[in-house]
């Protein structure tokens, strides 16, 4: 896009114009393969939620109030809905247990907004697999580029960037799949700005409303395009305008040129980090650092009586997310609060030797035996040379006899510099799908998603494979909540 043309278009128009015009054949196969990994990881996160009965509220609402449609409701044994309502159900489910991917620089969770929207609309319009993956790539790129303009600033003002900015990536993906005009896409982005939001006040008491942020704005992306095609108009300067998203939410001016530098050629958004633990990413490197100390010095649960203090080392950015207020973090009141508690997650790693989905079952969070361990856990903020491009952390263990052991993890597994392998992503999905599906259903689902890279492939295989997977809570006649 020429400089002259760019100067005539708003930032949103520049972003969505490429989304509409870039042919699928112009996306490198390596990029589409990474987009496929993002799809698998997001679906795996959703199935993980369903396997422990979390995040199903939106699915129940959709099934009660909606009707059948072209899009799959994930983990529901084949139930379907309109694309918009499927986004509400699936985005919420995928975000429920904090197992979803994260863009490192911005700490945005792109997958739980963009993947549900791309798959649902892809099913609606019978898009090819590569077209769906190109739409996912576009969505990740736009959301991550916007969030990277102001890393951490939305969180500091009390807003979750996943909700505030993720909708724009999803809206661009929907516009591309529905092949709307630039005029309609312009209005869709302007409308999306009025449908966004997402407060971080859930941290005050461990409420689990955060999971709804993803489903709500994924649905909003589909609705924004529907409204635009129906004739509703929206401001073209929704992003950089005087009362646009960045000024309204965080009183921040942005440089549109920085947002579009290399856009259309440099696809880095799909290099999002994969979570290997179902908890806030701010504690992952602390867990890994503990495992290093344990391995190097032979420490274990039996050494707890001889441990005086354990200090988690985190970047300042994560202090309010996982460390403060310390009294609450040492005694989490809810499962959701436990996922954002450094003392709880580290204590579980020390006592159990691992952290997984079962670490956050209600009875485990309420385990009184963990309380004295959490009381020994403190934190310090530290400067890490790899932050914010990575998710570093560390741990210091002080023994009663005066010995001190310390380890730092600058590049944690699953992060940008140590990405999860395809086999790890597949195992993440298989481990949870086997809990509530017939034998082979998880493998069939993975194969259907891997097939999306193939020219001429469509989403029928995904639809039929997902129909084999379902949690008991999706039976509305027997649901108790």
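Each peptide among 87-94, 396-403, 211-218 gets the average number of other Cβ atoms lying within 10 Å of its residues, and from highest to lowest they stand as 87-94, 211-218, 396-403. Remark on segment 66-192: Rg and Dmax equal 14.4, 41 Å (Cα only).
Were the residues from residue 33 through residue 464 laid out at 0.36 nm apart, the gain over their Cα-Cα distance would be 153.0 nm. Taking every alpha-carbon pair under 8 Å whose residues sit at least 6 apart, segment 281-409 reaches a relative contact order of 43 percent. Here r is the Cβ-Cβ distance between residue 295 and residue 67 and R0 is 51 Å; the resulting FRET efficiency, rounded to 0.05, is 0.40.
Working ranking of peptides 367-374, 51-58, 235-242 by packing, defined as the average number of other Cβ atoms within 10 Å per residue, highest first, is 51-58, 235-242, 367-374.
Here the relative contact order of the chain, from alpha carbon pairs under 8 Å that lie six or more residues apart, stands at 21 percent. Protection proxy ranking of 131-143, 323-335, by the mean of other Cβ atoms within 10 Å over each peptide's residues and highest first, is 131-143, 323-335. Can you give me the angle between helix 29-51 and the longest principal axis of the chain, using Cα atoms only, in degrees from 0 to 90, rounded to the nearest 10? Between the helix axis and the principal axis of the chain, the angle is about 60 degrees. Put the Cα centre of segment 340-382 next to the Cα centre of segment 285-333 and the gap is 8 Å. Against the chain, whose longest principal axis is taken from its Cα atoms, helix 422-433 shows a tilt of about 80°.
Rounded to the nearest 0.05, the FRET efficiency derived from the C-beta distance between residue 229 and residue 367 at R0 = 51 Å is 0.45.
Considering only beta bridges that DSSP places wholly inside segment 281-409, some 70 percent are antiparallel.
If you take the beta carbon distance between residue 199 and residue 423 as r and set R0 to 45 Å, what does 1/(1 + (r/R0)^6) give as a FRET efficiency, to the nearest 0.05? So the FRET efficiency works out to roughly 0.75. Kindly express, to the nearest 10 degrees and within the range 0 to 90, the angle between helix 441-450's C-alpha long axis and the longest C-alpha principal axis of the chain. Helix 441-450 sits roughly 50 degrees off the main axis of the chain.
Read-outs: derived from the displayed coordinates by stated rules, not from any lab. The structure displayed is predicted, hence computed values, not measured ones. Ideal geometry is used to build each Cβ from the backbone, glycine not excepted, and the neighbour counts take in all protein chains shown.
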